[in-house]
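Below: the structure, in structure tokens.
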Amino acid sequence: MRAYALRRVLLIVPTLIGISLLTFILVQFAPGDPAEQFAARSLARTPTKVEIDNARHYLGLDRPLPVQYVSWISDVLHGDLGRSYSTREPVSHELRRRVPYTLELAIPAALLALAIAIPAGIICAVKRNRLVDQVVRITSLAGASMPSFWLALILIIIFAVRLHLTPVAGRGSLRNFILPVVTLSFAPAATLTRFIRSAVLEALGSDYVTTARAKGVREALVVGRHALRNSLITVVTAFGTSLGHMFAGVAVIETIFVWPGVGKLLVDAIGQRDIPMIQAFILYIGVCFAVVNLLVDLSYAVIDPRVSLKKTSAAA
Amino acid sequence: VRPIKRIVVLLFAMAMVATACGSDKKTSESSATTVATPKANPNAELKVAFTDDQYFTQATPTNDVNVGVYPLNMNISETLILFGTNYELKPLLAERWEFRPPNTWRFFIRKGVTFHDGQPLNATTVKAGLFDRLARVLTTGGTVRAGANSTVVVDDYTLDFTPVVTNYRVPEQLVHPQNGVFAPGSDFGKKPVGTGAFKFVSYSPKESIVVERNDNYWGQKAGVARITARFYPDPNARRLALEAGDVDVIYQVPATDVKGLKAKGFIVANSAVGAYEAMYANIKNPAPRDILSDINVRKAVAMSIDRKQLVDNVLEGQGTLDQTVIPPGALGSYASTVKGFQTDVNGAKTLLDNAGWKVGSDGIREKNGRKLKLTMIDGFPTADAHGAIPEYVQSQLKAVGIDSEIVKTSDAASYTKHLTDKDGDLYFEQGNQNDASPAFLPGLLWYSGPETSGGNYQPIVGPGAGSTFDNLLKPAFTEPDHDKLQKEVADAMHEIIDNQAAIIPLNGIFRSYGMKKSVQGFQPHFAFLQVRWETVTVTS
């Protein structure tokens with residue numbers, strides 16, 4: 001397992017280089033001139049051609065593209081992610097400042113999503129086609145398809161404007177977390193509920209469950225020990241994907257709730273053609289997904305003893 | 001099933017009761033406000049909701065830092081000259097100023113003023129904290145064009161400023177808060193120190209900025225003890241923050257929210273007109289972007305638009321019928337020189353007929369087999385800022401037989417690309433008057449001379465070197481007299497709008513600020529960056 005983990009960690013490096021190269025190429029195709037955007041923001045007015053050329057030189061954008069990329073990747077390997085075109089601060093400072101804000105929303109939201117989805121999914125599976133199943137299925141369908149900005153505004157209107165139970169936006173006290181965490185957890189909770197429901201349902205129909213029941217095992221143990229445990233691989237896979245997305249930040253939620261996380265940072269960076277920031281962000285996302293996927297893969301072996309991470313078994 | 005039903009009913013009932021309690025609370029609060037005698041609370045904290053955070057904390061050769069200064073001005077620093085709410089120049093840190101030919105401006109500095117750190121304001125500190133700073137940080141020396149040797153201290157409270165190039169617009173340019181005076185030696189990217197009515201407390205990027213009253217302020221002491229301004233990029237969240245009572249004042253109330261806020265007992269204060277909505281025509285490019293090189297087609301477009309309906313219905317009354325483009329206040333008594341266009345659908349049709357564009361079988365005009373179809377780029381500063389105006393214009397053009405497609409741009413960079421590619425026929429633009437010089441926008445955008453930039457607009461809408469517009473505007477850059485300046489700019493705008501129809505004005509824009517009734521003394525300014533806070537009080 002240790003060798004497998006090491007191999008996967010090493011694989012992350014070429015993956016990230018590939019992602020960064022692809023991002024670098026794609027950014028070049030985006031309409032608009034980063035030098036012009038930089039000059040316009042700096043001057044707070046329309047820049048002249050000379051001012052744009054000066055900005056291009058200042059940013060190093062007048063060098064050939066391969067030189068720009070090699071220079072950037074070389075700096076990254078030395079721990080320097082460059083300077084943001086928009087804030088002028090080192091990109092690493094900005095990411096270090098913003099990532100914790102995203103995580104302080106993402107982690108409670110992920111836990112809340114799990115706390116809702118696991119019991120809801122199990123109840124739905126056990127009470128299949130009964131009223132509770134219908135209600136939860138409709139709710140989860142609505143949750144999965146509801147735009148988060150709309151849900152955020154509805155929650156604000158009810159809990160902040162009408163009931164005065166929470167602030168509309170901003171950080172500060174624990175009350176400030178309630179609405180953004182609930183909004184952020186809603187869609188993953190809905191999706192996970194549906195995954196858990198179908199996985200548990202499938203498990204409940206399998207032979208080992210029938211055997212357990214025939215042996216007189218209590219229904220709670222049948223569901224909890226046999227059906228749920230055998231459904232966990234599906235659940236963990238879906239949860240890992242949701243977690244990756246949450247770590248990437250959700251710009252809409254961060255914008256509405258004035259939460260200075262990385263999601264809004266990326267949207268702003270794209271709008272401003274802030275190439276160093278975009279590339280650093282993509283690297284951060286790449287790392288997040290790679291680590292989450294690795295943890296998910298490693299967890300398979302823990303959840304299901306039949307899964308082996310040894311090279312020979314994997315090949316077999 | 002029964003227990004579930006009972007739970008659902010119980011939850012619903014709880015929600016209804018809670019909602020009703022929330023409503024009662026609000027009603028009783030507003031009743032109390034009307035009964036009690038309002039009294040300003042000098043210890044109050046004013047909470048403000050601004051739009052997005054655009055502060056810079058790091059300087060480069062092309063920009064200075066601007067925390068607390070631009071575009072949200074927290075009145076930490078002050079300029080030598082103030083831009084009044086009616087476009088007037090008023091003394092601030094300079095008690096008066098005078099022009100000394102050929103290119104020098106003498107400023108008489110206010111006495112008895114100190115910076116927040118205790119340094120005195122005098123000619124030496126103004127030299128270091130304003131003009132020398134601009135010359136040192138910015139390669140161009142800022143808009144006023146300050147050089148290393150531009151400023152000479154005449155005596156303790158008098159200094160002479162001579163720009164590195166001939167610049168007769170210095171007083172009008174100095175009103176911009178980025179030309180504020182900061183305490184020499186202070187790091188104003190991290191902790192700005194000025195002479196203003198408020199002192200810097202803290203700044204959290206993308207979150208908030210906090211200032212507190214300067215009890216040693218030389219002028220009227222601030223009416224509140226503290227201001228916390230929070231950045232709400234989303235207009236819905238901004239409005240809801242006001243409704244929930246989280247903030248006292250919000251910037252930039254969308255036109256569609258004004259009636260709703262007023263109906264709920266909030267005040268919406270409008271400024272004078274300080275911005276405009278207009279379409280720039282692509283007047284000098286080859287096919288397929290040559291349709292609007294015909295002045296008759298441009299005038300037909302301008303005449304086909306019913307601006308009253310636009311303001312009344314599309315903007316819900318949150319606009320004016322001004323067609324001066326440069327805000328009329330900036331042109332003073334010469335604003336009437338610019339006439340704009342009256343709606344005349346039949347006149348527009350006649351112009352198009354005479355230009356050879358005949359109505360086809362589908363109602364769209366055509367000439368030599370080519371359809372009269374315009375590409376409209378939406379727009380600056382964002383497509384959202386124009387709301388439904390492009391669609392409204394599209395429907396009006398259709399009525400005279402002009403087909404069009406609207407290209408909505410996703411961000412400023414995409415819009416600029418359409419400008420540099422010159423691939424649009426009409427460009428939707430909103431422009432602001434942030435500078436006190438009426439020549440600022442025409443010089444920046446449409447003039448081709450060396451005095452200003454011209455930028456991306458010159459190859460599209462700028463009439464070009466030797467044109468009547470350029471000839472009319474040119475003296476404005478070397479005109480020290482403000483009245484003559486206004487006349488010169490008004491004549492130039494008359495040419496580019498009324499005679500050339502290169503710029504097709506749609507409406508005037510004022511700034512709307514929403515606030516609680518407990519907020520008093522707020523003076524809405526047409527430029528966000530010029531708002532003054534010392535007059536504002538919060539009643540208990």
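The values are calculated or read from the model by the stated rules, or taken from the named source; none is laboratory data. Keep in mind that this is a model prediction, so the values were computed, not measured. Methodologically, a virtual Cβ is constructed for each residue, glycine included, from the backbone with ideal geometry; neighbour enumeration extends over all protein chains shown. Note: accessible area is taken over every heavy atom of the protein model, side chains too, but ligands, DNA and RNA are not part of it. Shrake-Rupley method; radii C 1.70, N 1.55, O 1.52, S 1.80 Å.
With A:128, A:98 as the choices, which residue is within 11 Å of another protein chain (Cβ to nearest Cβ) and in contact (Cβ under 8 Å) with a residue 40 or more places away in the chain?
It is A:98.
Quick check, is residue A:183 more than 14 Å from every other protein chain (Cβ to nearest Cβ), polar (S, T, N, Q) and either open to solvent by less than 70 Å² (accessible area, probe 1.4 Å) or without any contact (Cβ under 8 Å) to a residue 12 or more places away in the chain (or both)?
So residue A:183 does not fit the description; no.
Search the range B:396-416 for residues being hydrophobic (A, V, I, L, M, F, W, C), assigned to a helix (DSSP H, G or I) and farther than 20 Å from residue A:271 by Cα, and hand back the single one that is farthest from the other protein chains (Cβ to nearest Cβ).
B:399
Given the structure, is residue B:234 without any contact (Cβ under 8 Å) to a residue 12 or more places away in the chain and either more than 14 Å from chain A (Cβ to nearest Cβ) or within 25 Å of residue B:85 (Cβ to Cβ) (or both)?
Taking the combined requirement at face value, the residue does not satisfy it.
Working only within the range B:501-531, note down all residues that are more than 19 Å from residue B:329 (Cα to Cα) and open to solvent by 10 Å² or more (accessible area, probe 1.4 Å).
Scanning the range B:501-531 gives B:516, B:517, B:518, B:520, B:521, B:522.
With away from chain A (no Cβ under 14 Å) and either over 14 Å from residue B:513 (Cβ atoms) or modelled with pLDDT of 95 or more (or both) as the only criterion, which of B:253, B:224 stands out?
B:224
Mind checking which helices (runs of 4 or more DSSP H) fall wholly inside the range A:1-79 and carry at least 2 residues that are among the aromatic types (Phe, Trp, Tyr) and under 21 Å from residue A:268 (Cβ atoms)?
Output list reads A:2-29.
Name the residues in the range B:440-496 that are away from chain A (no Cβ under 14 Å) and under 25 Å from residue B:417 (Cα atoms), would you?
If the condition is that a residue be away from chain A (no Cβ under 14 Å) and under 25 Å from residue B:417 (Cα atoms), then B:463, B:464, B:465, B:496 are the ones that fit.
Only one of (1) of a type in the set (A, V, I, L, M, F, W, C); (2) assigned to a loop (DSSP other than H, G, I, E, B); (3) under 26 Å from residue B:491 (Cβ atoms) is not met by residue B:331, so which one is it?
Unmet condition: (2).
Take the residues of the range B:94-109 that are more than 15 Å from residue B:173 (Cβ to Cβ) and in contact with a Leu (Cβ under 8 Å, 6 or more places away or on another chain): which is surrounded by the most Cβ atoms within 10 Å (Cβ to Cβ)?
B:109
Of the residues B:219, B:189, B:196, which is more than 30 Å from residue B:507 (Cβ to Cβ), more than 14 Å from every other protein chain (Cβ to nearest Cβ) and surrounded by fewer than 18 Cβ atoms within 10 Å (Cβ to Cβ)?
Being more than 30 Å from residue B:507 (Cβ to Cβ), more than 14 Å from every other protein chain (Cβ to nearest Cβ) and surrounded by fewer than 18 Cβ atoms within 10 Å (Cβ to Cβ) holds for just one of B:219, B:189, B:196, which is B:219.
Which of (1) over 23 Å from residue B:384 (Cα atoms); (2) without any contact (Cβ under 8 Å) to a residue 40 or more places away in the chain; (3) in contact with a Ser or Thr (Cβ under 8 Å, 6 or more places away or on another chain) is the odd one out, the single condition residue B:244 does not satisfy?
(3)
For the range B:266-289, how many residues meet the condition of being open to solvent by less than 30 Å² (accessible area, probe 1.4 Å) and more than 20 Å from residue B:497 (Cα to Cα)?
Summing the residues that are open to solvent by less than 30 Å² (accessible area, probe 1.4 Å) and more than 20 Å from residue B:497 (Cα to Cα) in the range B:266-289 gives 4.
Out of curiosity, is residue A:160 modelled with pLDDT of 85 or more, in a helix (DSSP H, G or I), touching a helix residue (DSSP H, G or I) at 6+ places or on another chain (Cβ under 6 Å) and more than 14 Å from chain B (Cβ to nearest Cβ)?
So residue A:160 does not fit the description; no.
Mind telling me which of the residues B:362, B:384, B:411, B:421 ends up being open to solvent by 40 Å² or more (accessible area, probe 1.4 Å) and within 20 Å of the chain's Cα centre (by Cα)?
Step by step, each of B:362, B:384, B:411, B:421 is checked, and only B:384 is open to solvent by 40 Å² or more (accessible area, probe 1.4 Å) and within 20 Å of the chain's Cα centre (by Cα).
Scan the range A:143-152 and tell me whether some residue there is in contact (Cβ under 8 Å) with a residue 40 or more places away in the chain, open to solvent by 70 Å² or more (accessible area, probe 1.4 Å) and under 29 Å from residue A:293 (Cα atoms).
There is at least one residue in the range A:143-152 that is in contact (Cβ under 8 Å) with a residue 40 or more places away in the chain, open to solvent by 70 Å² or more (accessible area, probe 1.4 Å) and under 29 Å from residue A:293 (Cα atoms).
Can you list the helices (runs of 4 or more DSSP H) found entirely within the range B:417-533 that contain at least 3 residues being under 27 Å from residue A:34 (Cα atoms)?
Here the list reads B:440-445.
All but one of (1) open to solvent by 30 Å² or more (accessible area, probe 1.4 Å); (2) away from chain B (no Cβ under 14 Å) hold for residue A:68; which doesn't?
Unmet condition: (1).
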